[in-house]
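Chemist: Shown below is the structure under consideration.
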Amino acid sequence: DRTSEDVDEALDRLCPKGIDVYFDNVGGDVMLAAYDRMADFGRVVVCGMASEYNAPEAPFGASLRPVLRKRLRIEGFVVYDHYDDQFDAFQAEMRALIDTGRMKYRIEVIDGFENAPDALARLLEGRNKGKMIVQLSPDPTGPA
């Protein structure tokens, strides 16, 4: 009961290993509390968004109502889910594409720890070109 006790504390107590299946008809803070505690590969069924029905604007700046209205399926994808079965083949394929020039990549190197805040700002604002690296000292394998 979200009104009689702290939802976060109750979920931590009742679901110490995480939540495998969550049936959501509330949305809002209750949904976020449950999402934070979902077990890997858990399942969420969205049946309602009661917290949003009379709200003047969507909470958190975004609404999940389209998930309900359009009966969407959303699944997280994390690259390390495929390390064991596909990473070696992917790495070989990428190496060949890079070696032949069919795949190109960019690396932007910012020199000095003192420039790390600017590098982070550039990254977050999308002003970087490729992978952003802050080099703390000269590369011992490169030219002097």
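Chemist: Counting only residues that are in contact (Cβ under 8 Å) with a residue 12 or more places away in the chain and farther than 20 Å from L64 by Cβ, which one in segment 1-17 is most open to solvent (accessible area, probe 1.4 Å)?
Modeler: Of segment 1-17, the ones in contact (Cβ under 8 Å) with a residue 12 or more places away in the chain are 2, 7-8, 11-12, 15, 17.
Adding the requirement that they be farther than 20 Å from L64 by Cβ leaves 12, 15, 17.
Numbers: D12: 85, C15: 39, K17: 190 Å².
Step by step, filter segment 1-17, then rank; the result is K17.
Chemist: Still on this structure, please answer the following. Based on this model, can you work out whether G27 counts as surrounded by 11 or more Cβ atoms within 10 Å (Cβ to Cβ) and at positive phi?
Modeler: Values: surrounded by 11 or more Cβ atoms within 10 Å (Cβ to Cβ): yes; at positive phi: yes.
Yes: the conditions hold for G27.
Chemist: If you go through segment 1-29, how many residues are of a type in the set (A, V, I, L, M) and closer than 20 Å to G76 by Cα?
Modeler: Selection size over segment 1-29: 2.
Chemist: Shifting gears a bit: Go through (1) among the acidic types (D, E); (2) closer than 30 Å to H82 by Cβ; (3) open to solvent by less than 100 Å² (accessible area, probe 1.4 Å) and name the single condition D20 misses.
Modeler: Of the numbered conditions (1) among the acidic types (D, E); (2) closer than 30 Å to H82 by Cβ; (3) open to solvent by less than 100 Å² (accessible area, probe 1.4 Å), the odd one out for D20 is (3).
The values are calculated or read from the model by the stated rules, or taken from the named source; none is laboratory data. This is a predicted model, so every value here is computed, not measured. Methodologically, a virtual Cβ is constructed for each residue, glycine included, from the backbone with ideal geometry; neighbour enumeration extends over all protein chains shown. We work out accessible area using only protein heavy atoms, side chains counted, and drop any ligands, DNA or RNA first. Shrake-Rupley method; radii C 1.70, N 1.55, O 1.52, S 1.80 Å.
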